[in-house]
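Okay, so here's the structure we're looking at.
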Amino acid sequence: MDLAEIPVAELGEADAAAELARLAELMQAADRAYYLADDPEISDADYDALRRRNLAIEARFPDLKRVDSPTDTIGVKPVETFNKVQHAKPMLSLDNAFSETDMVDFVQRVRRFLGLDESASVALTAEPKIDGLALSLTYQAGRLIRAATRGDGKIGEDVTANARTIATIPAQLQGEDWPERIEIRGEIYMSQEDFAALNARETEAGRKIYANPRNAAAGSLRQLDASITKARQLSFFAYAWGETSRDFANSQYAAVQAFKRWGFAVNPHFTRHETLAALLAVYQDILARRSGLGYDIDGVVYKVDRLDWQERLGFVSRAPRWAIAYKFPAEQAITRLEAIDIQVGRTGTLTPVARLKPITVGGVVVSNASLHNEDEIARKDVRVGDQVLIQRAGDVIPQILGVVDADRADRAAPYMMPQTCPECGSPAVRERDEKGSEDVRRRCTGGLTCPAQSIERLKHFVSRQAFDIEGLGAKQIELFYEKGVVTAPQHIFQLEARIAAARLSPLAEWEGFGAQSATKLHEAITARRRISFARFLIALGIRHIGQTMAETLARSYLSWQGFYTALAQASQSEEGRLCVLEDLLAIDGVGDRAAHALINFFHNQQNRDMLTELLAEIQIEDAVKPQENHVFSGKTLVFTGGLEKMSRDEAKARATRLGAKVSSSVSSKTDYVIAGVGGGSKLKKAESLGITRLSEADWLAMLDA
Ligand code: IVH
């Protein structure tokens, strides 16, 4: 059977790892298509389906989660809560060239299409291809009236309020020669410096960082709260236009000069050339300047200068015949591997990390790279002291492609993975599965006696999908652990008392805290003394129990007390154990590994002691039983288009709470299609299958019925 078709609950560990690799690759390609090429290859629904499968696998096999897990990349999914905007003229994408030959062919094609002589000169403009996201700005009587993202090229999102906060977007056009109505197009981007500062602030606040400036720009623009967009430094280069009430230039070059007069920032490296030799030289020139520009670019865009020619050339499918993007090769560099350090994760996995001699790759200083595991190191035969080829493909974490000086005489010995945990000295082993095949990961057997595992578990405990305590992130956990005030989860809820008992000064006097943030932190902790059953289970960080599994268990047991009592029984006798095991395995979605992991966790005396103390501090809310007597109970719903009164996520959550199933695609099993603004192909399909269509108003009315 095709890997893609195996239900998550039935995947073995090896298959799960392969499937995570496949999903990561697919989703990265889709992200690239969406954000880099701005040319989505797959529908939002299909993307969502991949994302959900990825999440479900990670939930079942938390230890298999990849360093480049798509779950951790931010800002990749378009939010559903902005109003949809139809573009008057479609926002196109660009064809790519990858070599000088491709460029020669491009110019030839243009000549042939226009019926020009072989020797006729075709002037082209050249400018950097900015690695950001396209934005459309409509001006009426010189005033900005609307800003919209590209979306799928036909329908984008209305981000007017956010665009108004961006300094390089004029609210009022300067000069007077602008058309009454004109739509200016260009690229929103974040400089590398602002990106680094933003990520530093995010780290400080204990939040997730953005993978690259493009994601950061997209995430910052798509904020429902425009004041957040304002606080992020975004910039804009104008380079194209859509609908206009009259012509305002006869060449691309003149048009860009006009943008400049009207108050827009235009790229300073925008030039115009008559010969192929000059066009190819400008590519090399921009490539050479790349790392000094201060913002990410990924190629050079060439456009036929004469607008009457652009008009005649028109476009094929979604790209103009009159423009092309000559892409840069992936950014690579060679540097020295200075050391291989071992990081110990929450479940004890030892991950080798390459410490590199710092080197600038495309404007970003790289000093670390993941080496994944010892088999990977052996396969590439990477040794300390080697010159290694590294590649940064848009993401922060670079890859090591291989060794470039492997035939050196004085090479170090092959890398040996430590057999004991570097943090606690316990043996580190590679486990074998039932079939006897060895795990690629080596794991510390120290459990909670290992400080690295304890810290990572604490970080997981307060993370977003678990206790989600505002102001308590990785940095604070490390500090509290180091001071000895928080070394186990329950200590978080005893923070003030433990600080006092350790004879430390009150938190408000600690460096980096202050009265206000100390109060806020105490309040945030208090606010989380009530927690849902599922979140609590996630927080415990039991192997193989991620979000999906925790939710499944909570829905099945409903009360924490019932669940806890059952699992305590498992520790009492062999008979009890078998009985609980059977109950667990009867739950749809719970497999052997998860069931055993649960039983083992609750069997462990250390864990039980910890729970006793922790449960004295907090209250666990029972899960709500899905309602069964509602019109939507047991029905399959499909949402399409944007809803105005609630986000898609909220709508899905409400439907699920009523016992409905929400599916991403329409089939004969669908009971209702709820159509928001801009729903397309799904509606047609629903119509052809005779499925009941509900408007947003119908949906809301029936929800409350
Ligand atoms: S021109 C009809 N110029 O690249 C041509 N696009 O791959 C419209 N991009 O959606 C685009 N820098 O987001 C143009 N100097 C530049 C660009 C640029 C970046 C982006 C833009 C577009 C995508 C197409």
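Before moving on, here are some points about what is shown:
- Residue list for segment 377-403, restricted to those being outside any loop (DSSP other than H, G, I, E, B) and open to solvent by less than 40 Å² (accessible area, probe 1.4 Å): Ile377, Val388, Ile390, Gln391, Arg392, Ile400, Gly402, Val403
- Strands (runs of 3 or more DSSP E) enclosed by segment 286-345 - at least 1 residues per element that are of a type in the set (Lys, Arg) and in contact (Cβ under 8 Å) with a residue 60 or more places away in the chain: 297-304, 323-327
- When residues in segment 573-596 are screened for being among the charged types (D, E, K, R) and not in a helix (DSSP H, G or I), 1 of them pass.
- Search result, residues across segment 108-140 that are assigned to a loop (DSSP other than H, G, I, E, B) and either without any contact (Cβ under 8 Å) to a residue 40 or more places away in the chain or of a type outside the set (Gly, Ala, Ser) (or both): Gly115, Leu116, Asp117, Glu118, Ser119, Ala120, Val122, Asp131
- Applying the condition of being surrounded by fewer than 17 Cβ atoms within 10 Å (Cβ to Cβ) and in contact with a strand residue (DSSP E or B) (Cβ under 7 Å, 6 or more places away or on another chain) to segment 515-573 and asking which residue is farthest from Leu458 (Cα to Cα) yields Arg530.
- Residue count for segment 250-278 satisfying the condition of being open to solvent by less than 20 Å² (accessible area, probe 1.4 Å), of a type outside the set (A, V, I, L, M, F, W, C) and in a helix (DSSP H, G or I): 1.
- Annotation: Arg529 fulfils all but one of (1) within 27 Å of the chain's Cα centre (by Cα); (2) in contact (Cβ under 8 Å) with a residue 24 or more places away in the chain; the unmet one is (1).
- Among the conditions (1) within 16 Å of the ligand (Cβ to nearest atom); (2) of a type outside the set (S, T, N, Q); (3) in contact with a Leu (Cβ under 6 Å, 6 or more places away or on another chain); (4) open to solvent by less than 20 Å² (accessible area, probe 1.4 Å), Ala354 misses just one, which is (1).
- Residues that are within 16 Å of the ligand (Cβ to nearest atom), of a type in the set (A, V, I, L, M, F, W, C) and in a loop (DSSP other than H, G, I, E, B), drawn from segment 169-218: Ile169, Met190
- Of all residues in segment 404-423, those being open to solvent by less than 60 Å² (accessible area, probe 1.4 Å) and either assigned to a helix (DSSP H, G or I) or free of Cβ contacts under 8 Å to residues at least 60 places away in the same chain (or both) number 4.
- The requirement of being of a type in the set (Gly, Ala, Ser), open to solvent by less than 50 Å² (accessible area, probe 1.4 Å), closer than 30 Å to Ser291 by Cα and touching a Lys or Arg at 6+ places or on another chain (Cβ under 9 Å) is fulfilled nowhere in segment 186-196; no residue meets it.
- His372 falls short on exactly one of the conditions (1) in a loop (DSSP other than H, G, I, E, B); (2) open to solvent by 40 Å² or more (accessible area, probe 1.4 Å); (3) at negative phi; (4) in contact (Cβ under 8 Å) with a residue 24 or more places away in the chain, and that condition is (3).
- Complete set of residues in segment 655-693 that are part of a helix (DSSP H, G or I), open to solvent by less than 70 Å² (accessible area, probe 1.4 Å) and closer than 21 Å to Val624 by Cα: Ala655
- When segment 501-518 is filtered for residues that are under 12 Å from Lys483 (Cα atoms) and of a type in the set (Phe, Trp, Tyr), only Trp510 remains.
- Residue that is farthest from the ligand (Cβ to nearest atom), among those in segment 132-147 that are open to solvent by less than 20 Å² (accessible area, probe 1.4 Å) and touching a helix residue (DSSP H, G or I) at 6+ places or on another chain (Cβ under 8 Å): Leu144
- Residue ID - nearest to the ligand (Cβ to nearest atom), chosen from residues in segment 82-129 that are farther than 26 Å from Asp308 by Cα and open to solvent by less than 50 Å² (accessible area, probe 1.4 Å): Val85
- Failed condition for Asp158, given (1) among the acidic types (Asp, Glu); (2) open to solvent by 10 Å² or more (accessible area, probe 1.4 Å); (3) touching a strand residue (DSSP E or B) at 6+ places or on another chain (Cβ under 7 Å); (4) within 16 Å of the ligand (Cβ to nearest atom): (4)
- Matching entry among Val85, Val76, Val67 (being at pLDDT below 80 and in contact with a strand residue (DSSP E or B) (Cβ under 8 Å, 6 or more places away or on another chain)): Val67
- Filter result for Asp152 (within 16 Å of the ligand (Cβ to nearest atom), at pLDDT below 95 and either acidic (Asp, Glu) or not in a loop (DSSP other than H, G, I, E, B) (or both)): yes
- Number of residues in segment 323-337 that are within 16 Å of the ligand (Cβ to nearest atom) and of a type in the set (D, E, K, R) equals 1.
- The residue that is farthest from Ala288 (Cα to Cα), among those in segment 248-272 that are away from the ligand (no atom under 14 Å from the Cβ) and touching a residue at least 24 places away in the same chain (Cβ under 8 Å), is Phe248.
- Filter pass, Gln343 being at pLDDT 95 or above, under 30 Å from Leu458 (Cβ atoms) and open to solvent by 40 Å² or more (accessible area, probe 1.4 Å): no
The values are calculated or read from the model by the stated rules, or taken from the named source; none is laboratory data. Since this is a predicted model, take the numbers as computed values, not measurements. No Cβ is skipped: glycine too gets one built from the backbone with ideal geometry, and neighbour counts run over all protein chains shown. SASA here: full protein model, heavy atoms, side chains in, ligands and nucleic acids out. Shrake-Rupley method; radii C 1.70, N 1.55, O 1.52, S 1.80 Å.
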